Every structure is written in structure tokens, then in C-alpha cells.
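Visitor: Sharing a structure below in C-alpha cells format, with a few things to ask.
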Amino acid sequence: MKNRAKKVFFLAGIFLAMILASCSSKTRVSSLISSLDEVDRYIAQGYPEDALKLLAKLQKKTVSPMEVVGIYKRYATLGEEKYAEKLLLRTLKKNPENLELNVVYVDFLKKQGDFEQAFSKAKILKETRYASLYSELYLRRIAAQGEEHSADFFLDEEFKPIYLGAYYATHDDAWLKNAALIYLSRGEYSDAAELSDEDNFDASDAYFWACVFYDAERFDEAAICLLQAQKLLENDSANVLGGRKTLRKSLPSQIEIASLLSDAYVNMDDDEAAQAVRDNFIANYMLGDSKDVSSDSLSAIYLNSALYAQSRDDRKAAYMNLSYVVEKWPDYAPALIAYGNFAYESARQILDDPLTRALRDAGIFSADMRRFDEIPRVSISDALSRMEESLERKKDEKLYVAKLELEEKTERNVEVRERLSKVWRVLERNTLATNLYPPAIMQYATHTLLSLEQYDEAKRLFEKYIKARFEFDEESSLEENILNFMRRMHLWEVEYCAYFAAAEKNADLAKRLYEYAVYERGISANNGGAEISAECSVQSAANLAMIYSSTGNKDKALELYGRVSGRVMDSYLKSEIMYRIACLYEAKGDKESARRSLEYGLYLNPGNARAHMMLSSF
């Protein structure tokens, strides 16, 4: 019982000591505040000596950094820089990591004009809530050096915290954009998008972040920003006309906004909304707004309208838009390429059987013949002539390759030897360095060689090109180099690396490369690989599914084939995919699903012999 009582008294003693300590602390703080108030009264009444005496007493009793800051401010008010600095240095020696003390000391050095020392001490503030002070000194230091720098200098990684620190201090969106540009210059679009501030002050801000979201393939957010930019641009224009505001920033045009907005809707698979944006703009443009007639964005709007009409089999609208765009912008390569494709399709659609010729000779025209004659057409010679004239004025590898491919599609009875000779001539004319060519030229050459069954030549040429283009490390294997540079390659380069790896039975490398192409590009990457990338070819996705199947992952193969089949437009390829799906269902013991897949595959391509053979065995 006595022990228990002692224990109780002991605990009570501890508790009482804590209360007394707390009271003592509060009393001391209260006393300090009272004393500082007294110092302020001395200063206000013109008794600096009395104020200094009291401050000298107080600093001997002061322990906490924040109390030191209070005393420092009074020394600074009295103009006693030496006392102020001495107090700060002594306290910093005991508390070197205290941010508030460092901020005060850096500010002190800055006011003394010692910017170099201030910058050195401010490094501890980098990436803290006081980073703006470090940012200011960093930028002051560069300006003081008086050197001229290129734009790339200010896109260095070390400027990222500088710009962000400046933004958090000023909330000026220009600093945030600077930080985003560093990410964008490195292709880190998703990271740039994460910096976006929801408050867009004008159309320039909204359009900038729309572009960032678009590059990050967050198209819904890009569309929201673009709609906001349209409204803000209308408001800005109204304010300028009313004389209420002078704009400080260069604003996007309605053409640029409409063009990007329609593209965003296309990427969201909302073709109708995209065309509505284009129709609305074209209607306004045709009413007489010709200020931006040379704009690339405007030419893109007309081209996309043509492609939309073509996808809806509205050949008249497609022809009108294509004709307009190639006349108005004769060097706009994408339109010239589309014009060439339109010409090729025109040449393929022939209503020239013996009965039709006989009826025409007799002056008789059926309804089908009249409809056919009303379809607008473009001659291949006209398309090729426009391409040639543009190439004489302006070099464009993609247009050059499109011209070559259009010529090859229309040439008849050309021997393999002549086609091979043409490939080598094209490569020779477009050599940049040893084994190095423009990417579009190399893609054309590799594709053509493979189509002519020149596998060894295609592989040898492509491997030399990849090694030269990325300056592969000679100490590492080809496989290691490919994987190291995979993310810097064009997608078609990754797909060909995967194709050749698969052909050489390097399943692991082919699988990794195809997975990158299918799941780690574009929208798919942003959705955690839940979709097939819109960029990759359906052949690559089908090849990956085949690798999954051959390595025992049949469920994953079946899932991927199912996704691929929804994207395939060619009936022969889709029929082959349905056959492969049937094989997987049969391996799983699901003969009914296998039968349905085979029947659908044969509906798409009645000549699919393997599907016929498999179905007959059921």
C-alpha cells in the first residue's frame, strides 16, 4: 500500500513539474513579447540607446530561432546591421537547418548587396516553401554575368525548381509555363500536364495548356481548355474593341483553336463533334474572314473535313475540300498525299464492263451509270504533277515517299529487278552519312525490300541504319542497344526491330518491343496499358498476340486478338485473326466459340483455306 502511494505521489510530481514547466514557458514567451513591445515604444519615442540596452539583455535569454528573428527585426529597424548579423550567425551555428533563420540571413545579405554570398546560403532553400528566394538569386546571378544565352540554356533541368519557386511566390503563370517547357523539350508530356493550373487568365494560357494536354494525349482536358480559350478570346477581343484592356500576350487565333479542338475530338473518337467544329469555322471563314489564309491550321481544317467526308463515302465533299486545299496551299504535303490517294481510288473505281460499254455506245445510261459518272475524280497524272512541283520548291521526305509509292502502285509489269534498282537509287540520292538516311526514306526502303521478299537485304540495311542513327555502344550487344534506345525510336523503327527479332526467333526481345509499341505509347500508356495504342499497327498487335499464344499465355492472346479484330478494316486480315481466335478457343476446349469464329472468318473471306479445313473437322 505504501509503495502504491509513493508511486502515485511520484507520478503526481512528474505531472506537476510538466504543468510548472509549461507555465514557465508561457510566462517567458509572454515576458519576451512584453519586452519587445517596450523596445518598440523606445524606438517610436526616439530612445535608441534604451532600445539597444534592452535588446542586449533579451538576446542573452533568447533560445528559440523565432525569438531571435523578433530581436533581429528590431536591430534592423535601428540600423544596427553588425549586431543583427552577429545574432543571426550565432543562432544559425546552433540551428544550421532552420529554414526561417536561413531565409532571414539570406534576405539580410541580399539587402547588403552581397548577392554571391546570399546565393550560396540560399541553396538550402531550394525545393522548400521558400524556394522563391533561391529562384530570385539564381536568376539575378545569371543576369549579372552579362552573358548571352540561347533558349536551350534556359531549358536545362536545373531551371525547373527555379521556375516553380518563382511561380509559387508570384503566381504568375509564365513561370509555370517555363517549367512545363523543360518537360516538353524532353518529351515528358505527362509530367508537363501535371503542372497545369486550373485558373487560365486569358486565351493564351488556356491554349498553351490545351497544347500540353494534347501532347500528353489527355484529349478530353485539351478540349475543355480549348473551349475555354474560345470564350476567353472572344472576351479579350471585345475588351480591346471597347478600349478597356491592352493585351500583353500574343493570343492564339480562332483557326488554331478550332484546328486543335477538332483534332482532340477525333482522338476521342467523336468524329461528328470534330466535323461540327470544322463546319462552323469554315462557314465563318467563307463569309469573308481571309486574314489567315496562309495558316497551316486552316489548311488542316479543310484537309480533315475532306478525310471525314471520304470516310462517310461523300466523295463530292471530299473532292471539293481536297481541290480547294491543294490549290490554296500547293506545298501542304499532307493534302498532296491525300489528293494522291484520292486519285488512286478514282482510278480503281471503274464501271467498264462489255455491257456498260455497249449501252454507252448506244447512248443509253442506267441509274447506276449516271451515279457513277457524277462521282468527281482526280487523275493520277495531276496528283503526281502537283507533288513533283511542290518537291521542286520544298524538300519533304514524306511527300517524296508518297510520290514514289503512288508511282509504284500505278506502274504495271515492272520487274522485281527494276523495283530493287529503284530502291537503291532512292537510298543513294538521299544518303545523309554512312548508313544514315532520312527516317521516311528508310521506312520506304525497308518496307519495299520486304514486300519484294528480300528479307536478308532488308534486315542488313535496317540494322546498319539503326546502329548509325543511334550510335550504338560497340561494347554492348545489339539487343541491349535496341532496348536502351527503344524510347527514342520512331514507332515504326521499334516495330521493325520487333519484326526482325521475331523472325530470328528471339521471342523475348520481340515480345518486349511489341509490348512497348502496343501498350506503352500514347493513350494506352496514360491508361495503364488498358488499351491498344492508336499509333501502333494492327499487324504489331496481332504479332504480339501470336507470341503470347506460342509462349503459353493463351488467355492474354485471346484478349488481345479480340481487341485487334475491332480495329481491323481489311476483311482478309480480319478473317485470318478470326481463324487464330478459333484455334485458341479450340485449345481451351470451347468448340462452339471456335465454330462461330470460323464461320465469321469465312463470311469475311470465303477463300480462307485453313478456316475451311478446321471447320470441316468439327
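The values are calculated or read from the model by the stated rules, or taken from the named source; none is laboratory data. Everything quoted here is computed from the prediction, not taken from an experiment. As a convention, Cβ positions derive from the backbone with ideal geometry for all residues, glycine included, and neighbour counts pool all protein chains shown. Heavy atoms of the whole protein, side chains included, go into the accessibility calculation; ligands, DNA and RNA do not. Shrake-Rupley method; radii C 1.70, N 1.55, O 1.52, S 1.80 Å.
Visitor: Among the residues of segment 601-612, write down those that are without any contact (Cβ under 8 Å) to a residue 24 or more places away in the chain and touching a Gly at 6+ places or on another chain (Cβ under 7 Å).
Guide: Within segment 601-612, no residue meets the criteria.
Visitor: Taking only segment 308-322 into account, find how many residues are open to solvent by less than 70 Å² (accessible area, probe 1.4 Å) and touching a residue at least 24 places away in the same chain (Cβ under 8 Å).
Guide: The total comes to 5.
Visitor: Could you list all residues from segment 532-554 that are out of contact with any helix residue (DSSP H, G or I) (no Cβ under 6 Å at 6 or more places or on another chain) and either more than 16 Å from S565 (Cβ to Cβ) or open to solvent by less than 30 Å² (accessible area, probe 1.4 Å) (or both)?
Guide: Selection gives S550, T551, G552, N553.
Visitor: Does any residue in segment 464-491 that is farther than 15 Å from M442 by Cβ come within less than 9 Å, Cβ to Cβ, of a residue that is of a type in the set (G, A, S) six or more places away or on a different chain, and which pairs are these?
Guide: E479/A501; I482/A501; N484/S476; R487/G187; R488/G187
Okay, residues lined up against (1) in contact with a strand residue (DSSP E or B) (Cβ under 6 Å, 6 or more places away or on another chain); (2) under 17 Å from L261 (Cα atoms); (3) open to solvent by less than 10 Å² (accessible area, probe 1.4 Å); (4) not in a helix (DSSP H, G or I):
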{"residue": "I162", "(1), (2), (3), (4)": "no, no, yes, no"}
{"residue": "A174", "(1), (2), (3), (4)": "no, no, no, no"}
{"residue": "A180", "(1), (2), (3), (4)": "no, no, yes, no"}
{"residue": "Y183", "(1), (2), (3), (4)": "no, no, no, no"}
{"residue": "Y214", "(1), (2), (3), (4)": "no, yes, no, no"}
{"residue": "D220", "(1), (2), (3), (4)": "no, yes, no, no"}
{"residue": "A223", "(1), (2), (3), (4)": "no, yes, yes, no"}
{"residue": "Q230", "(1), (2), (3), (4)": "no, yes, no, no"}
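Visitor: Within the set of pairs 6 or more residues apart or between chains, which connect a residue that is among the aliphatic types (A, V, I, L, M) inside segment 204-217 to a residue that is part of a helix (DSSP H, G or I) and open to solvent by 40 Å² or more (accessible area, probe 1.4 Å) with Cβ atoms less than 6 Å apart?
Guide: What qualifies is A206/Q228; A216/Y189; A216/S190.
Visitor: Given the criterion at pLDDT 90 or above, among the hydrophobic types (A, V, I, L, M, F, W, C) and farther than 22 Å from I482 by Cβ, identify the matching residue among A609, A503, A541, A530.
Guide: Just a single option satisfies the conditions, and that option is A609.
Visitor: Another one. Just checking, how many residues over segment 566-600 are under 15 Å from A545 (Cβ atoms) and in contact (Cβ under 8 Å) with a residue 24 or more places away in the chain?
Guide: Count: 15.
Visitor: Additional query: Restricting attention to segment 321-350, which residues are more than 33 Å from the chain's Cα centre (by Cα) and assigned to a helix (DSSP H, G or I)?
Guide: A343, Y344, E345, S346, A347, R348
Visitor: Further, regarding this structure: For segment 80-97, give me the residue count where each residue is touching a Pro at 6+ places or on another chain (Cβ under 9 Å) and open to solvent by less than 40 Å² (accessible area, probe 1.4 Å).
Guide: Residues meeting the conditions: 2.
Visitor: Scan segment 39-48 and tell me whether some residue there is at pLDDT 70 or above, open to solvent by less than 60 Å² (accessible area, probe 1.4 Å), of a type in the set (A, V, I, L, M, F, W, C) and not in a helix (DSSP H, G or I).
Guide: The answer is no, given that none of the residues of segment 39-48 is at pLDDT 70 or above, open to solvent by less than 60 Å² (accessible area, probe 1.4 Å), of a type in the set (A, V, I, L, M, F, W, C) and not in a helix (DSSP H, G or I).
Visitor: Kindly establish whether L420 is in a helix (DSSP H, G or I) and either over 25 Å from L336 (Cα atoms) or open to solvent by 90 Å² or more (accessible area, probe 1.4 Å) (or both).
Guide: yes
Visitor: Which residues, counting only those in segment 185-198, are closer than 14 Å to R218 by Cα and assigned to a helix (DSSP H, G or I)?
Guide: If the condition is that a residue be closer than 14 Å to R218 by Cα and assigned to a helix (DSSP H, G or I), then Y189, S190, D191, A192, A193 are the ones that fit.
Visitor: Among the numbered criteria (1) out of contact with any Ser or Thr (no Cβ under 8 Å at 6 or more places or on another chain); (2) farther than 15 Å from Y499 by Cβ; (3) in contact (Cβ under 8 Å) with a residue 24 or more places away in the chain; (4) open to solvent by less than 40 Å² (accessible area, probe 1.4 Å), which single criterion is violated by T446?
Guide: With (1) out of contact with any Ser or Thr (no Cβ under 8 Å at 6 or more places or on another chain); (2) farther than 15 Å from Y499 by Cβ; (3) in contact (Cβ under 8 Å) with a residue 24 or more places away in the chain; (4) open to solvent by less than 40 Å² (accessible area, probe 1.4 Å) applied to T446, the lone miss is (2).
Visitor: For segment 556-579, which positions are in a helix (DSSP H, G or I) and open to solvent by 60 Å² or more (accessible area, probe 1.4 Å)?
Guide: Answer for segment 556-579, where residues must be in a helix (DSSP H, G or I) and open to solvent by 60 Å² or more (accessible area, probe 1.4 Å): K556, E559, R563, Y572.
Visitor: Of everything in segment 266-283 that's in contact with a helix residue (DSSP H, G or I) (Cβ under 8 Å, 6 or more places away or on another chain), open to solvent by 30 Å² or more (accessible area, probe 1.4 Å) and part of a helix (DSSP H, G or I), which residue is modelled with the lowest pLDDT?
Guide: N267
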